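Encoded as structure tokens, the structure appears first; notes follow it.
The numbers here are math on the coordinates, done by the rules we state, and not lab data. Owing to the predicted nature of the structure, the values given are computational and were not obtained by experimental measurement. Ideal geometry is used to build each Cβ from the backbone, glycine not excepted, and the neighbour counts take in all protein chains shown.
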Amino acid sequence: MNLCLISCDVLFREMCTLAARSPHRVDLRFLPKGLHDLPASEMRERLQAVVDTIETGSYDAILLGYGLCNNGLHGIQARSLPLVLPRAHDCMTLFFGSKERYLDYFWKNPGVFFKTSGWIERGEPEGELKQLSIGHLHGMDKTFEEMVETYGEDNALFLYETLVESQIKAYRQFTFIEMGVEPDDRFERQTRELAEARGWTFEKIQGNLSLIERLLHGVWDPADFLVIPPGQRILARYDEGVVSAG
């Protein structure tokens, strides 16, 4: 098969490694992680525009290296080629290898913030995407001094405690997911140092490449993947299936 992958670039190292091992020809197109920080309708519009550029005669299917991502994929339509995506709420399922393993860890470790090589290298939105991000539109990326200048000291103190400190207090652990594609230990060390600076717990766990491998190898078990036929759309579901076609 000839496949075209459209993926978030936080998965760059993993996708490139496994595309090279795929028995199929896989062309890669990466989009910035900052799309995930936009309102869902804006992310959907931009991703749909990329899907629509894929030439029908060149490929057998379009692969999406995304989870549902805050409903950013809800409503995306397969035009003349089928779309294939994992049944995942977000990209952490792809790093864990299954939604079951991810949810098991998540519920056993409340207040955890995950890090991978891609989230460290490519996790911050830049340029236009930063200006349009939900965090920027709500002032969550402002420093306290910038809030004082804009809103006055009393209002700034209230906003800072509400928008910033509440976010920090929601977390108390960094978990670094080692995927086996890292060049050295720099990303683990950076995460460990950040945890120490914030007084958080640090843990390193082994990720699992099997879900990404099956996506790129064309092994699309219906329990873990959804194939959207031409003319249908991705629909969000509120059960274990995560997504459906309609």
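Worth a mention:
- Per-peptide packing, taken as the mean over residues of other Cβ atoms within 10 Å, places 112-121, 193-202 in the sequence 112-121, 193-202 from highest down.
- For Ile76, residues with placed amide H under 5 Å, excluding near neighbours: Ile234
- Distance between the modelled labels on Arg25 and Glu121, one decimal in nanometres: 2.6 nm (7 Å Cα→Cβ projection).
- Rounded Å value of the spacing that divides the Cα centres of the stretch 1-75 and the stretch 173-238: 15
- Vicinal HN-Hα couplings computed from phi for the stretch 235-245 (Karplus, 6.51 cos²θ - 1.76 cosθ + 1.60; Hz; Gly/Pro x): 10, 6, 10, 10, 8, 5, x, 6, 9, 8, 9
- HN-Hα J in Hz across the stretch 185-195 - Karplus 6.51, -1.76, 1.60, θ = phi - 60°, x for Gly and Pro: 9, 4, 6, 5, 4, 4, 5, 4, 5, 5, 5
- Sorted peptide list for 50-63, 27-40, 95-108, criterion being average Cβ within 10 angstrom, highest first: 27-40, 95-108, 50-63
- Relative packing of 68-80, 229-241, which averages over residues the other C-beta atoms within 10 Å, highest first: 68-80, 229-241
- When restricted to Cα atoms, the stretch 162-244 yields an Rg and a Dmax of 18.6, 51 Å, respectively.
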